[in-house]
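Asks: Got a structure for you, written out below as structure tokens; questions coming shortly.
All of the numbers you see were taken from the coordinates with simple rules; none came from a lab. Source: prediction; values computed, not measured. Every residue, glycine as well, gets a Cβ built from its backbone with ideal geometry; the counts of neighbours run over all protein chains shown.
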Amino acid sequence: MSEIRTNPFTGEMTLYAENRKNRPYEFVHKTQSKNTNNENCPFCGGHETWTTDAVYQDGPDGAWQMRVFPNMFPAVKEDCADIEGESFYETIAGRGRHEVLVDTPDHNETIDKFSVERIAKVLQVLQDRLNHFRAKSHTQYVQIFKNCGPSAGMSVRHSHWQVTGLPIVPRRASVMADTMQGEDCLFCKMLTYEKEQKKRVAAETEHFMAITPYAGRFPYELWLAPKAHQRDFGDMNDVERADLAQLLWDMLQKVTKLKEDVGYNICVMDGPRNRDFHWHIEILPRIGGFAGFEYATDCFICMVSPERAAAYYRGENTEV
Ligand SMILES: [Zn+2]
Ligand SMILES: [Zn+2]
């Protein structure tokens, strides 16, 4: 069963995917983060037959750097049956695609240890997968994300990304898109403002800016965005990709020094089908936790101001 139901009061959506409860979970306790055992890991080089067939692999079995295959426990499925709805409520079958990109054959290597060139290659393969997903008629929105560390939702220690093609546009992406249409793009205006103000600029390259967003939800939250208005992550060219890879590498060196074995998510926010957008990457470190307040109010309590976080990323204060 894969079904997306809408909360009639708030418009929030919940994706029901009962098969996901069967997936392996490597971390018995959230503090048990350093697991060097790879005997049971389906993502390790040499274990190719343990996963679904690869749709992309950049070398022979046992000798690749990157490998993409359909998720063995997908949240959405291409062959998902129609849902028998109820008259009172809004629902839709979870018809879509869910892939895993394993970006290293090494069980214990993390992305912050990759070279800049390797990060650029990962970004390129993610762009290719996004464009492939977009070609599917039922895909309204593509979410690319990476969970690093058990506190950030990682269930298998081995470094990987996930790409999900959804039949709906999640509320957050839809609300953001409303502000990003054409010449009135609020994101473009924000980048201009932040460049003048400087206090929330973490780093800047020729084509990209890294800022700590004015009302970010997470301590040390970081957004990496193209300076020029660009709708789609898939549109980034070779020069821009090399530029972003360097910036992402630089920022990950700082993120991973926030605390030992820090958890974080990397999310590529991209435009819904047929709508303008200003794509960007959100890096969400997990320093604190969520509690009842956040779930009840949708208002996050954040213990570090974005201005202080930007100073940390600029190297002006090292105290976390
Ligand atoms: Zn592994
Ligand atoms: Zn824009």
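Asks: Where does the chain land at 222 nm, in deg cm²/dmol rounded to the nearest 500, when only DSSP H runs of n ≥ 4 count, each adding -39500 (n - 2.57), divided by all residues?
Replies: -7000 deg cm²/dmol
Asks: For the range 44-183, just say rounded, prolate or oblate: build the C-alpha gyration tensor, square-root its eigenvalues into a ≥ b ≥ c, call rounded for a/c under 1.5, and beyond that prolate if a/b exceeds b/c, oblate if not.
Replies: Taking the square roots of the gyration eigenvalues as a ≥ b ≥ c, the range 44-183 is prolate.
Asks: Compute the longest continuous run of the chain that contains no exposed GluC sites (Glu not before Pro); treat a site as exposed when its DSSP state is not H, G, I, E or B and it has at most 11 other Cβ atoms within 10 Å.
Replies: Longest gap between qualifying sites, sites excluded: 87-205.
Asks: Please identify the longest segment of the chain free of exposed chymotrypsin sites (Phe, Trp or Tyr not before Pro), where exposed means a DSSP state other than H, G, I, E or B and no more than 15 other Cβ atoms within 10 Å. Kindly include the intermediate steps, with their values, before the conclusion.
Replies: Details: sites that count: PHE9, TYR25, PHE88, TYR89, TYR214, PHE290, PHE300.
Maximal segment without exposed cleavage sites: 90-213.
Asks: Using the structure shown, list the pairs from LYS77/LYS257; LYS227/LYS254; LYS121/LYS227; LYS146/LYS227; LYS113/LYS195 with a Cα-Cα distance above 27 Å, or answer none.
Replies: From LYS77/LYS257; LYS227/LYS254; LYS121/LYS227; LYS146/LYS227; LYS113/LYS195, over 27 Å: LYS77/LYS257; LYS113/LYS195.
Asks: Any chance you could list the semi-axes, whole Å, largest first, of the equivalent ellipsoid that the Cα gyration tensor gives for the range 153-214, using √(5λ)?
Replies: Those come to 28, 21, 10 Å.
Asks: Something else: For the chain, I need the span (max minus min coordinate) of the C-alpha atoms along each principal axis, in Å, sorted largest to smallest.
Replies: Here the Cα extents, ordered largest to smallest, are 51, 50, 41 Å.
Asks: Quick one: length gained pulling ASP235 to THR52 fully straight, 0.36 nm per residue minus the C-alpha distance? Each step should come with its number before you reach the end.
Replies: Numbers: separation 183, 0.36 × 183 = 65.88 nm, distance 2.87 nm.
Length difference between fully extended and current span is 63.0 nm.
Asks: Could you work out how far apart the two model spin labels at LYS198 and HIS138 are, taking each label as a point 7 Å from the Cα in the direction of the beta carbon, and quote it in nm?
Replies: The answer from the label model is 5.3 nm.
Asks: Past the 13 angstrom mark, what percentage of all C-alpha to C-alpha distances in the range 238-304 do you count?
Replies: The proportion of pairs with Cα distances above 13 Å equals 75 percent.
Asks: So, one more: Mind giving me the nanometre distance, one decimal, between the label points for ALA215 and ASN19, set 7 Å out from Cα along Cα→Cβ?
Replies: Going by the 7 Å Cα→Cβ label model, 3.9 nm.
Asks: Could you tell me the relative contact order of the chain? Use alpha-carbon pairs under 8 Å, at least six residues apart, and round to a whole percent.
Replies: 17 percent
Asks: Using only the Cα atoms, what convex hull volume per residue in Å³ does the range 208-320 have? Before the final figure, lay out each step's value.
Replies: Working: hull volume 13.5 nm³, N = 113.
Enclosed volume per residue, from the Cα hull, is 120 Å³.
Asks: Only helices at least 18 Å long along their own axis, judged from Cα atoms, and with Kyte-Doolittle mean hydropathy of 1.6 or greater: name those in the chain from DSSP H.
Replies: Membrane-span-like by this criterion, though nothing is claimed about a membrane: none.
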